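Beneath this line is the structure, given in structure tokens, with notes to follow.
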Amino acid sequence: MRIDQILAAKDGPVFSFEFFPPKTEEGERNLQRALSELSELEPDFTSVTYGAGGSTRDRTVEIVKSIRGDYGIEAMAHLSCVGTTTDQLREIIDEIRDSGIDNVLALRGDPPRGETEWRPTPGGLEYSTQLIELLSGDYDFAVGAACFPEVHPEAPDLGSDLRFLSEKVTRGADFLITQLFFDNRLYFDFVREARAAGIEAPIIPGIIPVTNVEQIKRFTSMCGASIPAGLLEQLELRAEDPAAVVEFGVAYATAQCSDLLARGAPGIHFYTLNKSPSTRAILSALKLLRPWEQDAAAGSDALGAPAA
């Protein structure tokens, strides 16, 4: 089923998980364990990342097919422009379509490992907007795209970033998933500005439960996200106690997601890192507490502004 249809039909928020293709036997076991345990929570869909230069292309499609066939959960394949010509991209897209996959997350992609600047492949695409247009114009996919509450690292300012995001939607993106963030004000401010710019596609917040202090510092440094000073202080106080970091990460993400859902976010996309315990705990709590049913009592509209 197409994710845009899931979003339109769902009476309540959608919950989704992101996985990546493992490179080792131990990684494969971790993925299968996470899939087995998280599938019990009946997510609305999952997504599977696509390695730099298409390095995990076959595994991405294989895992998406497995999730749909073995677990009965809708799944989305990531696809990027890195390291492939347009003809090669068409071959990959044909393979995705022929595998019965209905959903694709269209990304430009990051520079290959060891390179700092993005360079399009000769004969390939330069922008994610071109990939979105290819997917939506010649195929019948639901197309997702990425967005950045703290502005894309290569964009000069928010206005430029929103103009490019608007082009993604104009060319066929049906829904948007945000880069990770830890301050909900960033999300609600971004949604407000996006709506003011005429962008009406659903904007699903992407949330990562912190499980390792150095790892999250590295991730945020790479993607241009920030860690609020108070959060970082609390994490560093626990840095020598891995179990305490995980425990605090679960508590923080649960509170963050509860606030997002109570204030009108259409769902939560969890960056699982192929691990289940933290995400399982957070989503179990959310489904029990159902904060999205408390928005009226909270006195806020969908953007977090005081209700009239």
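The values are calculated or read from the model by the stated rules, or taken from the named source; none is laboratory data. This is a predicted model, so every value here is computed, not measured. Cβ atoms come from the backbone with ideal geometry, glycine included; neighbour counts cover every protein chain shown. Remember, those area values only see protein heavy atoms, side chains included, never the ligands or the DNA or RNA. Shrake-Rupley method; radii C 1.70, N 1.55, O 1.52, S 1.80 Å.
Okay, here's what the table says:
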item	result
Set Ala244, Ala255: member being out of contact with any Pro (no Cβ under 9 Å at 6 or more places or on another chain), assigned to a helix (DSSP H, G or I) and open to solvent by 50 Å² or more (accessible area, probe 1.4 Å)	Ala255
Residue ranges of helices (runs of 4 or more DSSP H) in the range 160-240 with at least 3 members open to solvent by less than 30 Å² (accessible area, probe 1.4 Å) and either within 23 Å of Val143 (Cβ to Cβ) or touching a Cys at 6+ places or on another chain (Cβ under 9 Å) (or both)	184-196
Residue ID - most open to solvent (accessible area, probe 1.4 Å), chosen from residues in the range 135-155 that are part of a loop (DSSP other than H, G, I, E, B) and not charged (D, E, K, R)	Pro153
Restricting the range 37-65 to residues that are of a type in the set (Gly, Ala, Ser) and at pLDDT 95 or above, the residue that is most open to solvent (accessible area, probe 1.4 Å)	Ser39
Test result for Arg2, at pLDDT below 95, among the basic types (Lys, Arg) and closer than 23 Å to Gln179 by Cα	no
Qualifying positions in the range 261-284 - hydrophobic (A, V, I, L, M, F, W, C), open to solvent by less than 40 Å² (accessible area, probe 1.4 Å) and in contact with a helix residue (DSSP H, G or I) (Cβ under 6 Å, 6 or more places away or on another chain)	Leu261, Ala262, Ile268, Phe270, Ile282
